[in-house]
Amino acid sequence: MALRFKNSLTRVKEEFKSIEPGKVRMYTCGPTVYDFAHIGNFRTYMFEDLLRRYLKYKGYQVTQVMNLTDVDDKTIRDSQAAGITLKEHTDPLKKAFFEDLDALGIERAEYYPAATDHIPEMVAIIKKLLDNGLAYEIDGHYYFRISAFPAYGKLANLDLTGLKAGARVAADEYEKDSVSDFALWKAWDGADGDVYWETDLGKGRPGWHIECSAMSMKYLGNHFDIHCGGVDNMFPHHENEIAQSEGATGEKFVDYWLHSEWLIVESRKMSKSLGNYYTLRDVLDKGYSVAAVRYLLLATHYRQQLNFTFDGLKAARAALERYNDFIANLTDYTGSESGGKAQQIIEKATDGFEGSLDDDLNISGALGAVFDFIRDINRLKAGEQLTSAERDEALKTIRSFDSVLNFAQKTETIDSRIEALIQQRQDARKAKDFALADKIRADLLAEGIVLEDSPQGVRWKRKV
Ligand code: AMP
Ligand code: ZN
């Protein structure tokens, strides 16, 4: 089956066709580095990781850009409140963001451009819009004239009939009922302190929306394949990006728009302003693993709201344990004399996995196929119906699924201290000092290392 995505622009599922055969260029709106990201933000980045990994699984070469918004109303407000420069405020937050991405097993994009490094590109687009009659200046502020761009509103499906001509909005974020000419460039008026650039447009700083038009087109070209973000980005941010980019170039900007739904807590969006948020560190401090968080964030379809609960994390932990135990036990399995049934199971699982993800990234269907596969192969193993060659094929299959899911525990080089402790425990058991052996086991468990005894010896794994 062909890969299909629900396109927010057309509101229907469409077959995916890339502009250049075999290559995908995609832009994913990144964090505003005014504070630590919360796990609601990571829900969006996790969906984008699934998209990226599945496109690669399908054989595409992916070029992904994720911007870092390091100048806007919020970053300036918070750096001023902290009494430090904008850069002093945003640099440590950028670093923390990458640490969290890596911890969650989110694959790195090809480019992470920062807004403050792309001011000349933004100025160039604004000048183009002025030339094209789509922008105007008032007291050093520059606005986009939406009445001059008839396609305005097509993404967010806006009804512009009651629009007040000449109404303007200067804030970066605003609601649908204040649709109006929006700020491309804000003149410096003292309130922004030392945050300004001297440019052909005068002294000032860019609006938020122009950042993404400039950085996407710089790295991906005027017309590219996919643009993603959370649903809140659809209006005004993405609507404005289309207006700025298409207004400047006269070309189509993006073919497929994909938006992920909220992560919610007790029916409300997880957000800084409501105070109902957890950062990744908050969740880890409660004793959950990053792997469980990854599983939870990934396992709900991106266009459905994900209700965050600690019970959900516990269920994720149990599913991951099953998944990783399967891989470990299968790796250790020597293979039986008779077989012949595995091929069919592998084909069914592969069809189920790919068929589901091809259908607008239906992750529930894909995970269903994976866990059916685990159950079916375990049955063959228990019935001595899996040869060593079939075992290898089954392992290859799960590894290929794992290139998309990234749930498998990484084989780690065992720390020599842990190794020594395991040996000490073995010695204690031989000497029938079970109290010492139990204590070593409990100490390791407290560090998150689980020991499993089997006839082949002791195996250790990290607690998920
Ligand atoms: P921000 O840092 O607020 O600009 O948000 C960065 C990204 O996280 C955007 O794509 C938002 O749509 C997304 N986001 C923010 N809160 C949530 C949430 N509760 N659930 C899902 N995505 C979110
Ligand atoms: Zn953006």
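The values are calculated or read from the model by the stated rules, or taken from the named source; none is laboratory data. Small disclaimer: the values here were computed from a predicted structure and weren't measured. Please note: Cβ atoms are built from the backbone with ideal geometry, for glycine as well, and neighbour counts cover all protein chains shown. The area values use the complete protein model at the heavy-atom level, side chains included, leaving out ligands, DNA and RNA. Shrake-Rupley method; radii C 1.70, N 1.55, O 1.52, S 1.80 Å.
With a 1.4 Å probe and all protein chains left in place, how much of the accessible area of the chain comes from carbon and sulfur atoms, in whole percent?
Numbers: 10150 of 20690 Å².
The computed percentage sits at 49.
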By the DSSP-based rule, helices of the chain that are at least 15 Å long along the axis (C-alpha) and have a mean Kyte score of at least -1.0 are 39-57, 86-103, 119-131, 208-220, 310-332, 342-358, 363-382, 388-405, 434-446
Using the structure shown, select from Lys94/Lys463; Lys176/Lys203; Lys58/Lys154; Lys13/Lys272; Lys128/Lys252; Lys74/Lys272 the pairs with a Cα to Cα distance greater than 21 angstrom. Lys94/Lys463; Lys176/Lys203; Lys58/Lys154; Lys13/Lys272
Note to self: C-alpha centroids of the stretch 431-464 and the stretch 119-179 sit apart, in Å, by 64
Percentage relative contact order, the stretch 66-148, counting C-alpha pairs under 8 Å, at least six apart: 27
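Would you mind counting up the charge near Pro113? Only other residues with Cβ under 15 Å from its Cβ, with Lys and Arg at +1 and Asp and Glu at -1.
On the way: positive: Arg25, Lys94, Arg108, Lys218; negative: Asp70, Asp72, Glu110, Asp117, Glu121, Glu211, Glu241.
Surrounding charge for Pro113 is -3.
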Need one word for the stretch 385-464: rounded, prolate or oblate. Basis is the Cα gyration tensor (sqrt eigenvalues a ≥ b ≥ c); a/c below 1.5 gives rounded, then a/b vs b/c decides. prolate
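In debye, nearest 20, what is the charge dipole magnitude of the chain about its Cα centre with +1 on Lys and Arg Cβ and -1 on Asp and Glu Cβ, if you could check? Don't skip to the answer; put the middle values down first.
Values: 60 positive and 73 negative charges, 226 e Å.
For the chain, the charge dipole is close to 1080 debye.
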Can you tell me the accessible area per residue over the stretch 181-315, all protein chains present, probe 1.4 angstrom, in square angstrom? 35
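Students often check this: by mean Cβ neighbours within 10 Å, which of 241-251, 78-88 ranks highest, and how do the rest follow? Numbers along the way, then the final one.
Values: 241-251: 21.8, 78-88: 14.4.
The densest-packed peptide leads the list: 241-251, 78-88.
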Using Cα pairs under 8 angstrom and six or more residues apart, how large is the relative contact order of the stretch 35-184, in percent? 19
Label point 7 Å beyond Cα of Asp189 along Cβ direction - residues of the stretch 120-140 with amide nitrogen under 16 Å: 137-140
Loop GluC sites (Glu not before Pro), the stretch 300-383 (other Cβ atoms within 10 Å of the site Cβ: 14 or fewer; DSSP): Glu337
Any idea which of Phe149, Leu184, His209 is furthest toward the positive side of the dipole for the stretch 135-220, if Lys and Arg beta-carbons carry +1 and Asp and Glu beta-carbons -1? Phe149
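Counting DSSP beta bridges with both partners in the chain, what percentage is antiparallel, nearest 5? List each step's numbers first, then the result.
Values: 26 of 49 bridges.
Of all bridge pairs located within the chain, approximately 55 percent are antiparallel.
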Once you order the gyration tensor axes a ≥ b ≥ c over the Cα atoms, which shape class does the stretch 20-70 get: rounded for a/c under 1.5, otherwise prolate or oblate by comparing a/b with b/c? oblate
